[in-house]
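Working notes, beginning with the structure itself.
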Amino acid sequence: MSKTMPYWQQKPCPEWCDVRHRKFDGGSDRDCISLWHGNVTFTLMDPRSNNLGREYGGIVHDKAGAEVYLRRSYGAAEPRVEVAHETESGIGYFRLTASEALKLAKILTAAADVAKQE
Ligand SMILES: [Zn+2]
């Protein structure tokens, strides 16, 4: 995808970036974020309840889960793997390097392989 770079951008976006950057972007709006998002629902966990306020429908109950995607912060050399998940006080994030994500994936795979044998 061909994109016109705003004045503040030092190098083109990676192929996986899906953000339409604008010249007036600042802070985290300058981050590159992947189009690809993987989602996992956690069926053993209680649903999350968020009070969005009366104007946005009040208390909303949602299934627990996590969303995984890539983010490269503005000025960072490498992207990170970000895992966003609902907590009692809002959205929490695991921010992992590629090697940390691979290590976690291997540990989860090993644990799941053992659990599936039961
Ligand atoms: Zn980008």
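Derivation of every value follows stated rules applied to the coordinates shown; laboratory data play no part. Predicted model, so just to flag it, every value in this text is computed and none were measured. Backbone-built Cβ (ideal geometry, glycine too); neighbour counts: all protein chains shown.
Compute the angle between helix 98-116 and the longest alpha-carbon principal axis of the chain, please, reported from 0 to 90 degrees and rounded to the nearest 10.
20
In a Gaussian network model over the chain where Cα atoms closer than 10 Å are linked, find which of ALA98, ALA77, ALA66 has the largest mean-square fluctuation.
Looking only at ALA98, ALA77, ALA66, the biggest GNM fluctuation is shown by ALA77.
Rounded to the nearest Å, what's the spacing between the alpha carbon centres of the range 58-118 and the range 17-32? Just the number, please.
Cα centroid of the range 58-118 versus Cα centroid of the range 17-32: 22 Å apart.
Report the far tail of the P(r) of the chain, meaning the percent of Cα-Cα pairs longer than 20 Å.
57
Could you pull out which residues in the range 33-49 have an amide N less than 15 Å from a spot 7 Å beyond the Cα of TYR56, following the Cα-Cβ vector?
Output list for this probe position: 49.
Only Cα pairs within less than 10 Å get springs; with that Gaussian network setup on the chain, which residue of ARG95, ARG48, ARG72 has the largest fluctuation?
Highest fluctuation of the listed residues: ARG48.
What's the extension gain from SER73 to VAL40 if we count 0.36 nm per residue and subtract their Cα-Cα distance?
Full extension of this stretch gives 9.5 nm more.
Ignoring everything except DSSP H segments at least 4 long, calculate the 222 nm mean residue ellipticity for the chain; use -39,500 (n - 2.57) per segment, divide by total residues, nearest 500.
Using -39500 (n - 2.57) per qualifying helix, the result is -5500 deg cm²/dmol.
For the chain, set up a GNM with springs between Cα atoms under 10 Å and report which of GLY57, GLY90, GLY65 has the largest fluctuation.
GLY57
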